[in-house]
Amino acid sequence: MSSQQRSQGNQQWGGRYSAGPSAIMEEINASIGFDRKMWRQDIRGSLAHAAMLRHVGIISAEDEASIKEGLAAIGEEIEAGQFTFSTALEDIHMNIEARLTERIGEAGKRLHTARSRNDQVALDVRLWVRDAIDGLDAQIADVMRALVERADEHAATVMPGFTHLQPAQPTTLGHHLLAYVEMLGRDRSRLGDCRARMNESPLGAAALCGTGFPVDRHMTAAALGFDGPTRNSLDSVASRDFALEFLAAAAICATHLSRFAEEIVIWTNPYFGFVRLSDAYTTGSSIMPQKRNPDAAELVRAKIGRISGHLIGLMTVMKGLPLTYGKDMQEDKEGIFDAAETLALCLAATAGMVRDMKPDVARLREAAGAGFSTATDLADWLVRELRLPFRDAHHVTGHLVAKAEAKGVDLSGLTLEEMQAEEPRIHNGVFQVLSVEASVASRTSYGGTAPVNVRRMAGEWRERLA
Ligand code: ARG
């Protein structure tokens, strides 16, 4: 901005202002550095607004036509990197409007009739979040598809199931992966709920009280793909709970990805050796030639920090804010943008790792049998075969585990005599339930770990995701 322009004050509200802002005012006030990301949404909103203004007779058909042309040309300028964004013009709304007037003159100045930046920004942010949800939904579905394929492939691959990260019962890799499919399915549904609830158009609320112009808010709402207009003008410009909901859903999804990433970190550790990631998702060390570090997984594990941080950040901005609009709300954008972009990156990295990982089936089998993992199967057998009350069966099994541990073998390494010394009625049939394969195959309860279940569930998910 030239010094002459500055001395004339801001060209958008220069009527009342005689002096320009101090440099620091300009710096703290400007959002163009980040809200330029919403240029597509801003143009979309303006096109719908202009069409409505013409429809109700507020502007002429010629004005609408030149606004349309001008906005299209501005879109091309921005896309081509030829648009000059100005900090003095504060934000994306005024940057585009000023350029429009520069290009088409008088008609450009009519566009802001019956509209305020308050409803304009509320609209743009909603449109941006809605677009982000649609993109993330497709990406989550892609991760789910990748998990379902690997789950089907490894429906019968036994591995240790953990509680407290201690060996608990044998499960299958397929069952384990499908657990994440369930979580991600709920993440999609949460984002979908958020999308459905926020799908109302604030455009036409104007500054805060609506407008005396005969606007048709239903028309702009429909044109922009909303279910209808918001019902209260004050709420329309003052509320950002749709953004909070989005951030909460994004943070929960990122939490799920973080847990999976941590498992990848554990599984690829040579002490575990459950899966291997290729060079595509690992890095070496500049000093230790043997290293294969799971950096992508570590970063997905970590990035939840930013996303949940943005949720807390915006909740803190919004708390205690009196109705209606306050400039505070300009602080919503960077967190929303970063959360959406970070989650998108984490989803892409997760999909990549799921497709890339190479499970070591023999190692998983070996680990599945360690740690007396079929002790529950033994106790269940005592209940079923010998009619022992479960608590007594648990006790007898505990003694047998201690015996095996002292002998340095697993449960199937005990002799029948050694078992009968604890419970004389135990017979040879017991050895059939002590293998990990028998253990997982027996767990056919709905939602249980048995390979037949896993295959069926994988099939159901594949259909649902098709
Ligand atoms: N850049 C502003 C924001 O992000 C746009 C709305 C400004 N409204 C106003 N009355 N100053 O919130």
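The values are calculated or read from the model by the stated rules, or taken from the named source; none is laboratory data. Just so it is clear, the structure is predicted and the values come from calculations on it, not from any experiment. Heads up, the Cβs are rebuilt from the backbone with ideal geometry, glycines too, and the neighbour counts pull from every protein chain shown. With ligands, DNA and RNA removed, areas are computed over all heavy atoms of the protein, side chains included. Shrake-Rupley method; radii C 1.70, N 1.55, O 1.52, S 1.80 Å.
The table below gives the values:
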{"quantity": "Neighbours by Cβ (under 9 Å, 6+ apart or cross-chain): first from segment 208-235, closer than 11 Å to ASP119 by Cβ and free of Cβ contacts under 8 Å to residues at least 60 places away in the same chain; second among the charged types (D, E, K, R) and outside any helix (DSSP H, G or I)", "calculated": "PRO229/GLU200; THR230/GLU200"}
{"quantity": "Which listed residue is surrounded by 16 or more Cβ atoms within 10 Å (Cβ to Cβ) and under 23 Å from ASP124 (Cα atoms), from HIS256, HIS310", "calculated": "HIS310"}
{"quantity": "Among the candidates ARG145, ARG150, ARG217, residue that is farther than 30 Å from ARG462 by Cβ, touching a Leu at 6+ places or on another chain (Cβ under 8 Å), modelled with pLDDT of 95 or more and among the basic types (Lys, Arg)", "calculated": "ARG217"}
{"quantity": "Residue check for THR171: among the polar types (S, T, N, Q) and part of a loop (DSSP other than H, G, I, E, B)", "calculated": "no"}
{"quantity": "ALA168, sole failed condition from (1) within 16 Å of the ligand (Cβ to nearest atom); (2) more than 24 Å from THR342 (Cβ to Cβ)", "calculated": "(1)"}
{"quantity": "Filter result for VAL361 (open to solvent by 40 Å² or more (accessible area, probe 1.4 Å) and in contact with a Ser or Thr (Cβ under 8 Å, 6 or more places away or on another chain))", "calculated": "yes"}
{"quantity": "Hits in segment 341-358 - residues which are within 30 Å of SER239 (Cβ to Cβ), open to solvent by 50 Å² or more (accessible area, probe 1.4 Å) and in contact (Cβ under 8 Å) with a residue 12 or more places away in the chain", "calculated": "LEU345"}
{"quantity": "Residues satisfying the stated conditions in segment 98-108, i.e. among the charged types (D, E, K, R) and either within 36 Å of the chain's Cα centre (by Cα) or within 16 Å of the ligand (Cβ to nearest atom) (or both)", "calculated": "ARG99"}
{"quantity": "Residue tally, condition on the phi < 0 side of the Ramachandran plot and within 16 Å of the ligand (Cβ to nearest atom), over segment 209-234", "calculated": "4"}
{"quantity": "Every pair of residues 6+ apart whose Cβ atoms lie under 7 Å, when the first sits in segment 22-35 and is farther than 17 Å from MET329 by Cβ while the second is in a helix (DSSP H, G or I) and within 14 Å of the ligand (Cβ to nearest atom)", "calculated": "GLU26/THR87; GLU26/ALA88"}
{"quantity": "Residues (in a helix (DSSP H, G or I), under 17 Å from ILE264 (Cα atoms) and either open to solvent by less than 40 Å² (accessible area, probe 1.4 Å) or touching a Gly at 6+ places or on another chain (Cβ under 8 Å) (or both)) located in segment 282-307", "calculated": "ALA296, ALA297, VAL300, ILE304"}
{"quantity": "Residue tally, condition surrounded by fewer than 20 Cβ atoms within 10 Å (Cβ to Cβ), assigned to a loop (DSSP other than H, G, I, E, B) and under 45 Å from the mean Cα position of the chain (by Cα), over segment 412-442", "calculated": "1"}
{"quantity": "Filter result (in a helix (DSSP H, G or I) and open to solvent by less than 10 Å² (accessible area, probe 1.4 Å)) within segment 217-237", "calculated": "THR220, ALA221, SER236, VAL237"}
{"quantity": "Some residue of segment 124-132 being outside any loop (DSSP other than H, G, I, E, B), open to solvent by 10 Å² or more (accessible area, probe 1.4 Å) and free of Cβ contacts under 8 Å to residues at least 40 places away in the same chain", "calculated": "no"}
{"quantity": "Residue list for segment 133-154, filter: among the aliphatic types (A, V, I, L, M) and without any contact (Cβ under 8 Å) to a residue 40 or more places away in the chain", "calculated": "ALA138"}
{"quantity": "Unique residue being among the acidic types (Asp, Glu), surrounded by 18 or more Cβ atoms within 10 Å (Cβ to Cβ) and either part of a helix (DSSP H, G or I) or within 16 Å of the ligand (Cβ to nearest atom) (or both) when the list is ASP392, ASP338, ASP377, ASP328", "calculated": "ASP377"}
{"quantity": "Subset of segment 109-151 that is over 30 Å from GLY174 (Cα atoms) and either away from the ligand (no atom under 16 Å from the Cβ) or among the aromatic types (Phe, Trp, Tyr) (or both) - its residue that is nearest to the chain's Cα centre (by Cα)", "calculated": "ALA132"}
